[in-house]
Every structure is written in C-alpha cells, then in structure tokens.
Amino acid sequence: MPDLLEIKDLTLQFNSLRGTVKALDGVNLTVREREIIGLVGESGCGKTITGLSVLGLLPRPQTEVTGGQILFRGDDLLALGDRAVEDIRGRLVAMVFQDPLASLNPVFTIGNQISRVVRVNKGLSHAEAREATRQALASAGLRPDDELLDSYPHQLSGGMRQRACMAMALSCDAPLLIADEPTTALDVTIQAQMLRLLLDLRDDLGIAQVLITHNVGVAAQTCDRVAVMYAGTVVEQGLTAEVLKHPHHPYTMALYDCLPQGKKASELHTIPGSVPDLIDPPDGCRFHPRCVHAMEVCETVKPEPTRLTEEHWVACHWAEQQPGAGEGVPA
Amino acid sequence: MTSLLSVQDLSVHFAVKRGLSRKSADVVHAADHVSFEIEHGQTFALVGESGSGKTTVARAVLGLNTPTSGTIAFEGRDLTALKRGARRDALRDVQVVFQDPYSSLSPRMTVHDVVAEPLRAHSRLDGRELNARIVALLEMVGLGTQHLWRRPHEFSGGQCQRIAVARALALEPKLVILDEPTSALDVSVQARMLVLLEELQERLELAYLFIAHDLAVVESVADQVAVMYLGQIVETGAAEAVLHAPRHPYTHALIASVPSPDPERRSELGVITGEVPSAIRPPSGCRFHPRCPFRMEICDRVEPEPHDAGGGRLVACHLPDDVDLDAPPEPPAAVTEEDA
Amino acid sequence: MATPAAGRSGGTIAIGDWRERHQSTFTETRHNVRVFFRDRLAVIGLVWIVLMVVVAVAAPWIAPYPDQGRGASDLQSRFEAPSASHPFGTDNQGRDVLSRVIFGARIPLVISSVVAAAVLLIGPLLGGLAGYYGGWADEVIMRITDIFLAFPALVLAMAMVAILGPNLRNLALAIVVTWWPWYTRLVRGMAVSLRERPYVEAAKVMGVRDERIVLRHILPNAFGPVVVQITLDIGTVILEVAGLSFLGLGAKPPTPEWGLMVSEGVEYVLEQWWISVFPGLAIFLLVLAFNLVGDGLRDVLDPRMKR
C-alpha cells in the first residue's frame, strides 16, 4: 500500500512575544490508505500543530517551517502555493476539530453550511449540493431530513453537532481525515458512538484518518497504528498493540504507568519534572531531564528513529541498546 | 455516629423563563430525589454524564443553588434550614476545588492572597502568623515560597490546581468537594494530583465528594460511588463492586463505553444509542427506558424506587437482580440519532 | 530574600521584601509597557500628552509673555501676524497667542483629571454592586442610570450649567453628572458575567463577604475595559469643555481656555486666522493624543498572539 501521507522530519517554529518557540523538532509520520493512525501525546507536544500544518492552517507570518516535507501522495504540500493548498483542503484532506460549536457558524443552517462546502469544492449546483449534503449527513450517522438541514447549530446537541462537523468533512469524499481531539468535549457514551463512527468510516468508506488525542484509551480502541509525541517530536510509532503493550520509549512506558486504569491512587506512577519550555528546550533528547533511563549521550545527541520491527520505530538511545523489554498494559 | 454528610431526597428544579411572559416557565429537573451519605474520611464519587445532575448536587451542598425540596445535613445539622449567616459558618468545614484550574483562581490575585482569602474571612490571623500558615499549606501541596507572589497565569494547570487545593485546605475542612478536579489536566499531571489527594486525605482525615465522569479515575480513588442519570441516582454501592459488577443497565453501558487503553481488551463502542434527553421533559417512568436494551413494559409507566440489592448496593431498576447485563435481549439499535 | 521560619521562639517568616512581593506586578507592567511601545502612534500620543503636562506645569516659566497668558492685554500690539516675537501672533486684545495657548493647557488637563477621578469613583462601584447583587439593587441603579443616559449628554450639561451658572467648576460638575452612567453600565455588564466565574463562587463558598467579593474580585477584573474607555473618553471630555466654553457656558474671559479662545477669534477668522486656529489645533492634537493612547491601551489590555 503506498503511503497516503508522509511527514518527513518536519521542523517548525513560531515567534511569540517571549521568544521563538521551537514547536516541532523533526516529526516523522506516515499514514497509509484506509488506516487510522493515532497521534497521542499530552498538551504542548505538538500534535495539534502537526495536524494543522498538513492543511497549512498555522498562523502566518509567526509560523515558520524550517525543515522537512509533508508529502501527500508524493507531492510536497509545503512547496505548494496558497491556491493549490486551498484546493486540497476539503477535497483531499479534511479536518474535524475539538469544539463543534466553534467550528460551525451560528448564523447559518447545517444544510446551508455543508452545501456551501460541497459547492465550493466540487462545483455542484444547489440541488446537487443539497443531495450530497444529505448523503454526507447520513454517512455521519444522522437522519438527513429537512428538519436537520434547516436547523441551526445551537439547536443540536453536542454529539449531533460533532456529527454535523464530520458530515462536512466527509462531504467531498476526501480520502484523508484529520480529527483533532474530536471526542474530548463529548460524554463517554456519545464518544463511544463517535469512535464507532470513525471505525465505520474506515471500514465502509475507506477513509484514512489521523486521530489526534491525549486519551490513550481512545487510541487503543480505534487506531491501527499509533505515534506517541513528546515536546515536538514523535518518540515511538508502530502498530497499536506493539506500542501500547510493548513500549520501548521511556516516555511511552511512563505515560502508561500514569494511567489510573485498574490502579489505586497510591499505586499511580508519576513522571518527575514537567514539560519543557519550548523556547529553550533541553539539548539532545528533549525528554532526557525527566527520563529514568537517561544516559550521557542523551544530553547532547538527539536520538534518530530506529527500527525495532517491521512497523515499530523508536527514537531513543537507551531503547536502541535494550533487547526489547517494556511493561506495557497492566493485566 | 452520624454520617458526615447526609443528603436525603434532594430535588433541585430550575425555572426557565421563556419569552416575555413570566408565567409560562419550563422546569428543569436538574436533580430529583437524590439520597446518599458520606462518612468521615471516605471518598464518595458521583458519576455521570452531562445533564446527570452531579454538579447540581455538589452545588446544592455548597449552598450555590437553592434546593427545591429535601435535606442536606452536615454533621447532623440540616443546612437547608439555616439562615445565610449560620450556613456560612457551618460550611467552613466544607470546601471546594473546581474543574478549571485557571478560572477558579482570581487572575489578579497573587498566590499568597488566594490562599489567604479564606483565612482572612474566617480567622483573625494576620501578618507573620498568616504567612506562616500560608507557607505551610503550600508546602503540603508541593509548592514553595518562591511561588507566593506569582499570579495564576504564570503557572501550569497542575500547579494551579494544587494552589486551589491549598486554598481549600486553609480552613481545615472535614469535607472537600472536588468537581472534576483532574478532567482538565494531562495524564501525567492527573496522576500527580490523584497521588497528592490521596496523601492529603490520609494525613488530614478528609472526606471527599468526588465528582467525575472518568470511571478509571473514580475506581482509583473512590470508596463508594453513586451513578447518576438525568437527575437521579440509578445505582449506589462500593466503588469496586459497582464498577466491576454493575447492576443497572446504564452503569453497565457506561462502563462498556469507556475505551480501554489495552488494545487487546475490546471496548463495546456504540453499545448505547441516542442522546441524553432533555431535563425539562424527562421520559415517563424510568428515565433511562428509551435507551435501555433491557426495557420492559413496566419501565415506561412506573418510576423504579431504589431497592437493596445486597452488600450495600442500591439499584433503581425494575429488572431482577440476577439478570446478566452482558446479554441484552435484542441487539442494540443501529447507531443513528434517535428521538428521545 | 525569603528565609524559612526558625520555630516559634522569636522565629519569623520573612517571605520576601516589598520588591519580591510585587515582582509579578513588575513583570506584568514591564511586559505591558513593551507591548504598548510597539504601537508607534500610541507612543506619539503619550509623548504629546506628557509634553502638554510639562507645558502646563511650567507655563509661568516657558511662556514668553506670562501676564498676557493669564489675561493681561496689550492694546498696542493687536492683531499682529505670527512673527519671531509672537510665533502664534497676537489676538484682538494684543495678547500673545502662544503664551495663552501654553497657559490654556492647564485647563483641559486638570478638568479631565478631576472628572475622570470622580467618574471612576462613582460609576464602576455602582455598576459592580448592581451587577453582582442583581435583584432590586440592580433594578434601581440601572433605571437611574437609564434615566441619565436618556438625555443627550451635551444638552444635559448645557442645561445644568445654565441653571447653576456658567463657570468651569459647574462645567466640570455637569460633565461628571452626564458621564458616570456609562461606566456604571459598562461595569454592570461585566459584573454580571464575572459573578458566574468559578473564582467568585469559590470565594462565596469560602465565606468571603459580598462587599469584599465585589471589591477584590469583581472590580479589579473589570479594570481593563474601564481604563481603555476612560482614556478614550477624556478626549471627548476635553472637547466638551472646549465646546461649552466656546458657547460661553464654561470658562469666562479672560481665562485662556482653548475653546473660549477659538470663539473669541471666530469673527476675525478670515483675516487674523491665527487667533482661532492655534488654540483649535491645540485642542485637536490633545484629543487625538488621548485617542491614540486609548487605542494603544486597548491592545495592551486585550492581549492577542502578537509577533
């Protein structure tokens, strides 16, 4: 299967009042056709920025890409002009965000908003667009009756709004969907429905997805492969079962140990220290100040991704030396 | 020995005025006939999704809303019967930590002033004694004197939450209400907060009313749990028992919906369909019946009373206690939006 | 620096001197100043205001003809065009216009400060109380506010001055009376949303008294927009003072009030233009300066991700 999206060594910084934030430090990620890959990490790790950079949605001129490529079916999106990128948005790569209320325009009806997207991207007539809207709403699990098409975002519940955003993203048959924390604002039972929907989209419509989330459970249950990010770089990537059950990167292992699943509060592990300030990040491996396995080389040399198995990559000096131990999932 | 907190038959209804007419008001049944008890030093969790009423109940205990009926007794004294001033004094022993670390601290106040505020309101401490107490409180939550004069926006979410905890402990309460204290925090930060809360509970003999929607967190910290749906408690019992062997279909569905971080343990996504109905016109009979895979004919006519299912478990459901909740009688409906 | 307590006996907690306790304020102020200074126009406005203040204070020493500045006339030198000895020319009474403009700087600055102080004392407090308490306090205060707001400010001020007698003190009073309602309304709106904030609820739970909540939580957090608004309003106040004086309802001759000077020169404006134009320019520049500073402050107090 050829890669649908390949992010190669993406390095990015943006200028803030306090200084230059080195937000991404060489991100490597591949997305294949018809798969769901999870981009997992805590706040500030750069997962959202990575997602936004694919669609060129980062604020300019503060943001500066200083290296790397984003290849979509072989074409480097970073080398394209604005027009070309606009053309890709919606048509080839779609995006769904965390807060559906903020993503929908409150003064237009649902039908209106989605039809507009379809007309702009596919040049359909009003009637054709309305029909396409109905289809999109149905794929998102909503009943595409006139009542829904004529309702305004505030009249819908949170789950329905998120489905409407999904419908908008699906309306132009883009083969790649980037979902940035799509279920974080939803109740657990609604989240479960939404995750089921994402799986159905992969299985029935063949849509590849990048699922950005801080919730390891969400990633574990929906993603075929998972990439763990910390402080602007991907530290570990591979098949979900491999990465979560046999993690090799100390951060992945530590993160897993922090999960409250099945542990009493007194048994919880914590990660010492705190997330680094990316204006002045640590030299070498950005995780080394907090890493229990830190070695001298970690302080000066940034670890490159090395392959452990066919699919499993890890960027860690210590892990390279281990024969392959990792506690992973509690029984 | 009376319970520390005893909530009996608490109902909180809000009127929602529509349009210009003040007469036609819809009533939101935010909480209905809620009863539970918290013992000294115990952690009691209230679990539910949005609209469940868990936050309403917590706010009623804190005096931030007015109960429509029922009683809230703290150390035997009925808070609802007290006048404002007396209630204020009685509530010294009940403090709160909110969900959003940043908005629960006044942006213009320094950490020192934030923690000093309750002390200034209730005690005569000032000057050096005040400062000593504040420093001691900060040390208890893992912060130091170097943080005293900074403002909330200079801290991380986890640190702000710790400041909020320090503030809550200032008056040496017996009960701390934690309203989703870790929902806004990252996983690793959450872990630290939970460890801290556990330590403090042991050291200071605190009781916690822990409001949460994250069942994994609840299982980690809670002794007792009550599951709420649309304003009512559907199941109460020992945390581990309820979360591993639920007796109410909603509890079961809730647990099944939580995505497990173990990729080899498949969560049943989409086992429950539809959305939480409106609290203005709740469904007749059992409020969960429209979405319940086990619903029977009686369920939409008669509201189930909580009954004792053995071992301290209370369940509000018409089903017999021995039904296997993993085997619903008919397959769940297809995942589509459903009218409530 | 901080030293920990050394125990009960004689030990004290010295937790930082004055500087350390306010370090957060210092850092924030430094940051705000830096943001403000990025706006070149705002800086120019600020410089001009500072310049005017200096001029006003030092008037007796920098005005070339201080007596004339205060009002003394020199009928020998009437209507002289701008020249080396009279850079702004002389007016219909032979007085040096430059000196009068210099002395005239005092009036708008003093009056607007006094008016602003009075308005800030009354308006936000009422607004905070109305917004926080709601209920009948809110109704009463807001209805009174509405009544005052229903009148066109200028007309109301004129009426008051006409009744009380036209002089600068009554003018200031009249303006205070017409301005405070805006701040009450502004702060009341903010108070209504602020009282729902978790930190206000936390304060209630902690048993903090209502008055203290209003003073320490509501009002300080409503600060920003109020500061921006007052700075922008000062320009309008200055215009009102000048305008009403122009109409004869404020300063009385021979006070070197700029608006009055404009009106005194109006009948000569075609030939001896300098009599009206220079004071008019002075008004214009000062008002503009306050507006620019107000815009600059808005950027400071309403932060966005900037370059």
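A few notes on this one:
- Over chain B, relative contact order from alpha-carbon pairs under 8 Å, at least 6 apart, %: 19 percent
- Per-residue Cβ neighbour rank within 10 angstrom, fewest leading, C:107, B:298: B:298, C:107
- Peptides A:143-150, A:188-195, C:187-194 ordered by average Cβ neighbours within 10 Å, highest first: A:188-195, C:187-194, A:143-150
- Over 28 Å (Cα to Cα) - which of A:47/B:54; A:8/A:245; A:263/B:174; A:22/A:245; A:263/A:302 fall in this group: A:47/B:54; A:22/A:245; A:263/A:302
- Mean separation of Cα contacts under 8 Å (6+ apart) over length of segment C:103-301, as relative contact order %: 24 percent
- Sequence-separation-based contact order of chain A, relative, with Cα cut under 8 Å and 6+ spacing, percent: 20 percent
- Extreme residue, positive dipole direction of the protein assembly as shown, given options B:194, A:104, C:223 (C-beta unit charges): C:223
- Counting Cβ atoms of other protein chains within 10 Å of each Cβ in C:215-227 and taking the mean gives 2.
- Take each residue of peptide B:191-199, count the partner chain Cβ atoms within 10 Å of its Cβ, and average: the result is 5.
- Qualifying GluC sites (Glu not before Pro) for segment C:115-207 [loop in DSSP, other Cβ within 10 Å: at most 15]: C:196
- Residue order, fewest to most surrounding Cβ atoms within 10 angstrom, among A:166, B:296: B:296, A:166
- C:234, A:279 arranged by Cβ crowding within 10 Å, fewest neighbours leading: A:279, C:234
- Net +/- balance of residues flanking residue B:103 in space, Cβ distance below 11 Å, scoring K and R +1, D and E -1: -2
- Nearest-0.05 FRET efficiency for residue B:326 and residue B:153, computed from C-beta distance (R0 41 Å): 0.25
- Using bins of 5 Å that start at zero, the share of Cα-Cα pairs per bin across segment C:103-301 amounts to 1, 8, 14, 16, 16, 13, 11, 8, 5, 4, 2, 1, 1, 0, 0, in whole %.
- Inter-part distance, segment B:66-99 to segment C:96-110, computed on C-alpha centroids, equals 63 Å.
- Proximal charge balance of residue C:118 [Cβ under 14 Å; K/R count +1, D/E count -1]: 0
- Cβ charges +1 (Lys, Arg) and -1 (Asp, Glu), total dipole of the protein assembly as shown, debye: 3560 debye
- Globularity index of chain B, i.e. its alpha-carbon radius of gyration over 2.2 N^0.38 Å: 1.06
- At q = 0.06, 0.07, 0.10 Å⁻¹ the log10 of I(q)/I(0) for the protein assembly as shown amounts to -0.57, -0.76, -1.31, computed by Debye summation with a single uniform scatterer per C-alpha, solvent ignored.
- Cβ neighbours within 10 Å from other chains - mean over B:106-117: 5
- For segment B:194-340, diffusion coefficient by Stokes-Einstein and Kirkwood Rh (Cα), 20 °C, 1.002 mPa s, µm²/s: 129 µm²/s
- In this Cβ point-charge picture (+1 for Lys and Arg, -1 for Asp and Glu), chain B has a dipole of about 1960 debye about its Cα centre.
- Shape of segment A:194-319, Cα gyration tensor, a/c cut at 1.5: prolate
- For chain A, radius of gyration divided by Kirkwood radius, i.e. Rg to Rh on alpha-carbons: 0.99
- Restricting the GluC sites (Glu not before Pro) of segment A:1-92 to loop positions (DSSP other than H, G, I, E, B) with no more than 15 neighbouring Cβ atoms within 10 Å leaves A:33.
- Residue ranges C:158-171, B:216-229 sort as B:216-229, C:158-171 when ordered by packing (mean number of other C-beta atoms within 10 Å per residue, highest first).
Coordinate-derived values only; no laboratory data. Since the structure is predicted, the reported quantities are computational estimates derived from the model, not experimental observations. FYI the Cβ positions are ideal-geometry reconstructions off the backbone, even for glycines, and counts take in every protein chain you see.
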